[in-house]
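To start, I am sharing the structure in question, which I have written as structure tokens.
The values are calculated or read from the model by the stated rules, or taken from the named source; none is laboratory data. Everything numeric here is computed off the predicted structure, so don't read it as measured data. Cβ sites come from the backbone with ideal geometry, for glycine too, and all protein chains shown count toward neighbours.
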Amino acid sequence: MGFIRRGFWKLLFLLPYSRRLYTRLISTPLEKKNPSKDQTEIHDFLTFAISSVPYYRENYFTQNKKEIHLTKLPILKKRIVKTQSNNLLADNYQKRQNKLILTLNKSPLHNLWNIFFQKDFLIPMTTGGTSGTPITCYKNKESLYAEALLFIRGWKMMGYNPGDKVLVFYNRYYDYDLSWANSLTFLHGIHLFFFDSLNEKVIQELAKKINTFKPDFIITFPSYISYAAEVIKKKKIKINHTIKGIEVSGETIFPYHRKNCEEIFQTKLYNSYGSIEIGNTIAHECSQHTGMHVFEDIVHMEEKRNKLVITRFNAWEMPFIRYEIGDKGKLRHERCPCGIEGLKLVELQGRIEDYIILPSEKRIYPSSLRQIINQCNALYPDSIKESKVIQNTITGIIVYLVADAQAKKKDINTFLINRLRKFFPEEFKITIRFIPKLPFTKKFRFIERRFKTPNHSAP
């Protein structure tokens, strides 16, 4: 079946729309690329944003467009994006926003036709939001294709070749059903293994899938795969397949993550960095494991007082210019033994994904709860402004909500309790509290667990 998968990817890369992007993003090896973006292209992109995007037009306008300099533009804060996301959408997409939203269903042929042959589209994507306030941004067809190719660029740094088998091990996050994609695994080689909550039964199913599907690579979060390694070791589950590499992202990676996975899966972890707003893969670790190479032809990354400020180029539909993403990190310019010269993200702080733990040791991750918040806001438009979950004991949680003044609090309370109950046993106490402002805590996370649990190695 390997020749079918390789043939599929070759055919995909030959399609007129993807061929241009493939040439720009994949065909030239990173070590041979000019690490810096062409200054004329940067100027054209900034000029477009200031002329054609309402937010930049109103706030960054300058009479002399020749004097536009990227590093002299104001920093875009998350609070601005949360309140003015529609104003960050370019004029030509605002006018057709509803007509362009991509519709997906369970039919693989319907979805492939729309993705490959619809002239253009917009797909809404929602961030996790460490403060509990998600950001909705939009990707057009070109950006979606570029995202897929940047995944492949990162995977190639682990040794991936199009047609290799990839197992994606994630908490179920998106509101729309992606199960149709697995019916096409024989073509593209990618299998989605999603879970609602993580427990020993899910890990046993994962081990079985590894042994039967025999993936070359696994894509996941460090805490997920590290916990899986712990359970596999504890249960003495045999893994009968050698994995070439495991890509992790979304959280800070700790030494014990690498130790657990290298011991159980007999392979290396490769760190990756990105976000929904800027791009899912904008920096990736190579075989040297000494930091993540920044894709400087895709983004301009700055370090301001240890905070990362990022500009994503060629995002014509919704430009993020000098965006303070909320992560802390250290940048360093160097020539790597792998042959790539340029910026490296050598330190990343602040991404620690907490979770709710039940007496059964079952883990409920933030994405499941954020999905419910998003569903509530869809039913009662934008009623919940901010949210935070605090677990003081192993037998209950408190969900703090900052709601709109006109919100139907009683209906929201009933909706949330009913949806949350799906994840928790009846004896588990769920309390909803409406407050004017979220409580200040040092741990700026959506979920905060305030007690220690035995036999638990995650920070």
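Given the condition assigned by TED's automatic domain parsing to the domain that holds residue 140, β-branched (Val, Ile, Thr) and not in a strand (DSSP E or B), answer yes or no: does some residue in segment 83-98 qualify?
The answer is yes, given that some residue of segment 83-98 is assigned by TED's automatic domain parsing to the domain that holds residue 140, β-branched (Val, Ile, Thr) and not in a strand (DSSP E or B).
At least 1 residues that are buried (at least 18 other Cβ atoms within 10 Å of the Cβ) and among the small types (Gly, Ala, Ser) in each: list the strands (runs of 3 or more DSSP E) lying fully within segment 331-439 that qualify.
Per the criteria, 341-349, 384-393, 396-403.
A further question on this structure: In this structure, does residue 322 turn out to be outside the structural domain of residue 365 (by TED's automatic domain parsing) and without any contact (Cβ under 8 Å) to a residue 60 or more places away in the chain?
The answer is no for residue 322.
So, in segment 295-315, exactly how many residues are within 20 Å of the chain's Cα centre (by Cα) and farther than 16 Å from residue 343 by Cβ?
Summing the residues that are within 20 Å of the chain's Cα centre (by Cα) and farther than 16 Å from residue 343 by Cβ in segment 295-315 gives 2.
Please go through segment 225-243 and give me each residue that is free of Cβ contacts under 8 Å to residues at least 60 places away in the same chain and under 24 Å from the mean Cα position of the chain (by Cα), ordered by number.
225, 228, 229, 243 - these are the residues of segment 225-243 that are free of Cβ contacts under 8 Å to residues at least 60 places away in the same chain and under 24 Å from the mean Cα position of the chain (by Cα).
Turning to a different aspect of this structure: Residues of segment 289-308 being surrounded by fewer than 19 Cβ atoms within 10 Å (Cβ to Cβ) and under 22 Å from residue 81 (Cβ atoms), which ones?
Residues satisfying the conditions are 302, 303, 304, 305, 306, 307.
Follow-up question, since we're still on this one. Identify, please: which residue in segment 244-275 is without any contact (Cβ under 8 Å) to a residue 40 or more places away in the chain and of a type in the set (Ser, Thr, Tyr) and is, among those, farthest from residue 199 (Cα to Cα)?
Looking at residues that are without any contact (Cβ under 8 Å) to a residue 40 or more places away in the chain and of a type in the set (Ser, Thr, Tyr), I get 267.
Got at least one residue in segment 196-215 being within 30 Å of residue 313 (Cβ to Cβ) and at pLDDT 95 or above?
no
Kindly provide the set of residues from segment 150-184 that are of a type in the set (Ser, Thr, Tyr) and either at pLDDT 95 or above or under 27 Å from residue 137 (Cα atoms) (or both), ordered by number.
160, 170, 173, 174, 176, 179
Okay, moving on. Inspect all residues belonging to segment 263-270 and state whether any of them is under 19 Å from the mean Cα position of the chain (by Cα) and buried (at least 23 other Cβ atoms within 10 Å of the Cβ).
Yes, some residue in segment 263-270 is under 19 Å from the mean Cα position of the chain (by Cα) and buried (at least 23 other Cβ atoms within 10 Å of the Cβ).
Now, a different point. Within segment 355-368, does at least one residue satisfy the condition of being closer than 17 Å to residue 275 by Cα and out of contact with any helix residue (DSSP H, G or I) (no Cβ under 7 Å at 6 or more places or on another chain)?
Checking segment 355-368: at least one residue is closer than 17 Å to residue 275 by Cα and out of contact with any helix residue (DSSP H, G or I) (no Cβ under 7 Å at 6 or more places or on another chain).
Looking at segment 319-330, which of the residues that are over 17 Å from the mean Cα position of the chain (by Cα) and not in a strand (DSSP E or B) is surrounded by the fewest Cβ atoms within 10 Å (Cβ to Cβ)?
322
Listed here are the residues, each with its yes/no results for (1) in a strand (DSSP E or B); (2) crowded, with 21+ Cβ neighbours inside 10 Å; (3) of a type in the set (A, V, I, L, M, F, W, C).
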{"position": "228", "(1), (2), (3)": "no, yes, yes"}
{"position": "240", "(1), (2), (3)": "no, no, no"}
{"position": "247", "(1), (2), (3)": "yes, yes, no"}
{"position": "257", "(1), (2), (3)": "no, yes, no"}
{"position": "260", "(1), (2), (3)": "no, yes, no"}
{"position": "287", "(1), (2), (3)": "no, no, no"}
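While we're here: Could you list, in sequence order, all residues of segment 177-226 that are surrounded by fewer than 22 Cβ atoms within 10 Å (Cβ to Cβ) and among the polar types (S, T, N, Q)?
179, 182, 183, 185, 197, 199, 204, 211, 212
Here are 391, 371: which of them is under 24 Å from the mean Cα position of the chain (by Cα) and within 24 Å of residue 250 (Cβ to Cβ)?
Unique residue meeting the criteria: 371.
Okay, next question. Inspect segment 126-134 for any residue being over 29 Å from residue 245 (Cα atoms), buried (at least 19 other Cβ atoms within 10 Å of the Cβ), at pLDDT 95 or above and in contact with a Ser or Thr (Cβ under 9 Å, 6 or more places away or on another chain) and give the result as yes or no.
no
Could you say whether any residue in segment 192-202 is more than 24 Å from the chain's Cα centre (by Cα), among the basic types (Lys, Arg) and outside any strand (DSSP E or B)?
Within segment 192-202 (the criterion being more than 24 Å from the chain's Cα centre (by Cα), among the basic types (Lys, Arg) and outside any strand (DSSP E or B)), the answer is yes, since at least one residue qualifies.
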